[in-house]
Amino acid sequence: MAQFWKPGTEKPEAQVVDDEEGGVLFIPGASSFSSSSSSGYGYASIDKQRQRLPVYKYRNAILYLVETHSTTIIVGETGSGKTTQIPQYLIEAGWASGGRLIACTQPRRLAVQAVSSRVAQEMGVKLGDQVGYTIRFEDVTNQDETVLKFVTDGVLLREMMNDPLLTKYSVVMVDEAHERSISTDILLGLLKKIQKRRPELRLIIASATIEAKSMADFFRPRKKRREPENDVNGLKVEPAILSVEGRGFNVQINFAEEPVQDYVQAAVSTVLLIHERESTGDVLVFLTGQDDIDAAVHLFNEEIQNNRKHSSGLVVLPLYSGLPRADQELVFSPAPRGKRKVVISTNIAETSLTLEGIVYVVDSGFSKQRFYNPISDIENLVVAPISRASARQRAGRAGRVRPGKCYRLYTEEFFLNHMSNEGIPEIQRSNLVSCVIQLKALGIDNILGFDWPASPSPEAMIRALEVLYSLGILDDDAKLTSPTGFQVAEIPLDPMISKMIIASSQLGCSEEIITIAAALSVQSIWISGRGIQKESDEAKLRFAAAEGDHVTFLNVYKGFHQSRKSSQWCHKNFVNYHAMKKVLEVREQLRRIAQRIGLVLKSCESDMQVVKKAVIAGFFANACRLEPYSPDGMYKTLRGSEEVYIHPSSVLFRVNPKWVIFNSLVSTDRKYMRNVMTIDPSWLLEAAPHFYKLQQPNLLH
Ligand code: ADP
Ligand code: MG
């Protein structure tokens, strides 16, 4: 079992690390640090709780700054009350009177849901009445009543298509600005433009660790000589900056002494050790995504079954986006008396959500990040080291209620030499096709000349324009085509998926393709995980189609329908019931959008050829060919010759057809294609002649 080095004592001479159990030896870091905090809540009334938050002391200052400045930048540690309190202060001060609305944006869907439900609870109203939320495919607001709307930043961008100046809103609070999500950055650029036309619109930019000065520089208007310095209509245009000071508790940092082999296993044994040796207090574990979180939960369950004494008293809960509502609530509620809660989370708990009662943090040092290579035109999700700024944020979660401890599953050397100081804004590591369409739909033509908080690379921009041109979404003048380009802009999905839907309307298989699009919009329709792999693979075979995952989705959907949407049927077949319910919901919404934009809803019955053609119409750029004589099933993308493999979750895993296309890539040790379909290469030329012209000789073999 793992051993810990008691901080403050001499370094022990010889300690045995039992690698087989994934044990980790920790040493204390050079320094501990303070994190802001509000003291424990006990059973205080909601009003008392609100008043104890650090932001409360700044209530009047915030309201004054918002009254007198166009833009107010508020920096405050996670948990200080920015998200839940400031919108309420604004309502109390009358910003939502006279039919005006307040918007608060979040980069993550789960945060939008959790935070709006907390605020509704604090205000004593039903979620969806006065306080509501909108995320893609889910609108819990009421046109007549809602005055405070929590939205993802992507949703607010979409609202601009119908109301470019956001005239409904008196204040827009862009929250979590330090995350620098791609939609946040686009939104900031657009809001700056709106302010020129609507100076009365107030902006609040809130963040945990933002470079407040660079954000202020961005919002500071360029000086024109003859104009008086400040003031449009008595409003100061110079952004105000306010820093919310929290009370701090020390967080003691411990680093792994040696690099760990398997951070899932290491995280589990570290939690067990904390449970065995440390006093009460909940544990927050940072892993990277649903797959490794599920794996960790499974290991805990095994441990709890096999070793009751060691692990009794542990309540282990996962936290990631896409988690069903009831499970989300469990995460926020206190553990039963005498139990220790262990929450295993993605980086959603890094700054977006605050869990009370956390005293110990276990940090894997990794997160899933999007990376885009404009040369190969490949974007994939990579498990990559977090930045030092993120590592500090994660550690800070341990110091909210009392002094805490953070166990980093990486060495101090790794922290210092292999983690970057700050993360890179998402816009500089993403494929830009969606971004380009959204800006074009808003009438912004000179995209490179757009006022970005951080400029995207010209190479990535050129690639995006090229892909959109070959999809028939942009014309020779780089304007949206009519109707395809405008229709694609109306569908809130990846443009390749939207294009596939539009093609299906012409091919007469839109009912099937909309089902596929809905299935692609959920994480996975399968239940998987360590320990049940064999059973779930066998279950999958019952539905597997020779054409690949897309047609397999159709088979599962059909079975689910025939079972009258039974949860037992799902359970028996290792199908994720919650995901299927989501698929149904998304499907209905997509049908409505399709009708609105004039697409024909039609089923092709069992003609899978047309279904495949529609998929290719969207995804021809992701075509790959099996390398001859490759024993381990290596493919190369037609463009860029990147080495890729079929993901083990695909029904085509180990089948390895010669020609395939895929929907997305994920990277771990290799680049894996997710959601794979067999193709006939001649269809590529048919679907995108200009795109594949150069590769033509290659295609004929
Ligand atoms: P910030 O935005 O500054 O990070 P928040 O406004 O999100 O802070 O959180 C303020 C406080 O409200 C936190 O101490 C947190 O415990 C509490 N809180 C927020 N959301 C919830 C929730 N869903 N359930 C219970 N408490 C919550
Ligand atoms: Mg917040």
Q.
Strictly under 4.7 angstrom between C-beta atoms: which cysteines of the chain have no such partner?
A. Cys104, Cys406, Cys435, Cys570, Cys624
Q | 37 Å tail of the calculated P(r), the chain, as % of Cα pairs | A | 42
Q: Determine ³J(HN,Hα), in whole Hz, for all residues of region 180-189 in sequence, where each value follows from phi through the Karplus function 6.51 cos²θ - 1.76 cosθ + 1.60 and θ = phi - 60°; x replaces Gly and Pro.
A: 6, 5, 4, 5, 4, 5, 4, 4, 4, x
(Q) Need one number: convex hull volume per residue for region 491-690, Cα atoms only, in Å³. (A) 124
Q.
Quick one: 3J(HN,Hα) in Hz for region 113-128, Karplus 6.51/-1.76/1.60 with θ = phi - 60°, rounded, Gly and Pro as x.
A. 5, 5, 6, 5, 5, 5, 5, 4, 4, 4, 7, x, 10, 7, 4, x
(Q) Using Cα-Cα distances under 8 Å and only pairs 6 or more residues apart, what relative contact order does the chain have, in percent? (A) 12
Q | Entries of Lys440/Lys612; Lys168/Lys192; Lys192/Lys440; Lys193/Lys236; Lys57/Lys213; Lys368/Lys405 with Cα pairs more than 21 Å apart | A | Lys440/Lys612; Lys57/Lys213; Lys368/Lys405
Q) What's the extension gain from Gln261 to Thr668 if we count 0.36 nm per residue and subtract their Cα-Cα distance? A) 145.1 nm
Q | Restricting region 509-616 to trypsin sites (Lys or Arg not before Pro) in coil, as DSSP defines it, with at most 16 other Cβ within 10 Å | A | Arg530, Arg542, Arg564, Lys565, Lys602
Q) Hey, how many Å between the Cα centroid of region 159-198 and the Cα centroid of region 574-589? A) 31
Q. Along the Cα-to-Cβ line of Gln305, 7 Å from the Cα, sits a label point; which residues in region 518-547 have backbone N less than 14 Å from it?
A. 529-535
Q.
Give me the one-decimal nm value for the distance between modelled label points at Ala546 and Ser376, 7 Å along each residue's Cα-to-Cβ direction.
A. 3.2
Q | Long-range HN-HN contacts of Trp452 with modeled amide H, under 5 Å | A | none
Q.
Once you keep just the Cα pairs under 8 angstrom separated by 6 or more residues, what percentage relative contact order results for region 251-426?
A. 32
Q) Mean 1/r over all different Cα pairs, inverted: what Kirkwood radius does region 251-426 give, in Å? A) 16.6
Q | lysines whose Cα lies under 20 Å from that of Lys534, excluding same-chain neighbours fewer than 8 positions away | A | Lys572
Q: Write out the chymotrypsin sites (Phe, Trp or Tyr not before Pro) in region 600-701 meeting two conditions: DSSP loop, and at most 12 other Cβ atoms within 10 Å of their Cβ.
A: Tyr629
(Q) Suppose the chain between Tyr56 and Gln562 were pulled fully straight at 0.36 nm per residue; how much longer would it get relative to their current alpha carbon spacing? (A) 176.7 nm
Q.
Under a crude label model (7 Å from the Cα following the beta-carbon direction), how far is Val315 from Leu601 in nanometres?
A. 4.3
(Q) Rounded to two decimal places and with Rh computed the Kirkwood way over Cα pairs, what is Rg over Rh for region 423-552? (A) 1.08
Q: Residues in region 540-570, backbone N under 15 Å from the label point at Arg654 (7 Å along the Cα-to-beta-carbon vector): list them, ranges by number please.
A: 540-542, 544
Q.
What are the ³J(HN,Hα) couplings of region 300-306, residue after residue, when phi is run through the Karplus curve with 6.51, -1.76, 1.60 and θ = phi - 60°? Round to Hz, x for glycine and proline.
A. 5, 4, 4, 4, 5, 6, 7
Q) Between Glu585 and Asp144, what length in nm is gained on full extension when 0.36 nm per residue of separation is reduced by their alpha carbon distance? A) 156.4 nm
(Q) With both bridge residues required to lie in region 37-244, what share of the DSSP beta bridges run antiparallel, to the nearest 5%? (A) 10
Q: With +1 on each Lys and Arg Cβ and -1 on each Asp and Glu Cβ, and nothing else charged, work out how big the dipole of region 37-244 is about its Cα centre, in Debye to the nearest 20.
A: 600
(Q) Given contacts defined as C-alpha pairs under 8 Å and at least six residues apart, what's the relative contact order of region 491-690, whole-number percent? (A) 25
Q) For the pair Thr167 and Ser524, how long in nm is the line joining their label points, each one 7 Å along Cα→Cβ? A) 4.8
Q: Restricting to the chain, compute how many DSSP beta bridges are antiparallel as a %, nearest 5.
A: 40
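No lab work stands behind these numbers, since they all come straight from the coordinates. In this text the structure is predicted, and so the values were computed from the model without any measurement. Reconstructed Cβ throughout: ideal geometry from the backbone, glycine too, with neighbour counts over all protein chains shown.
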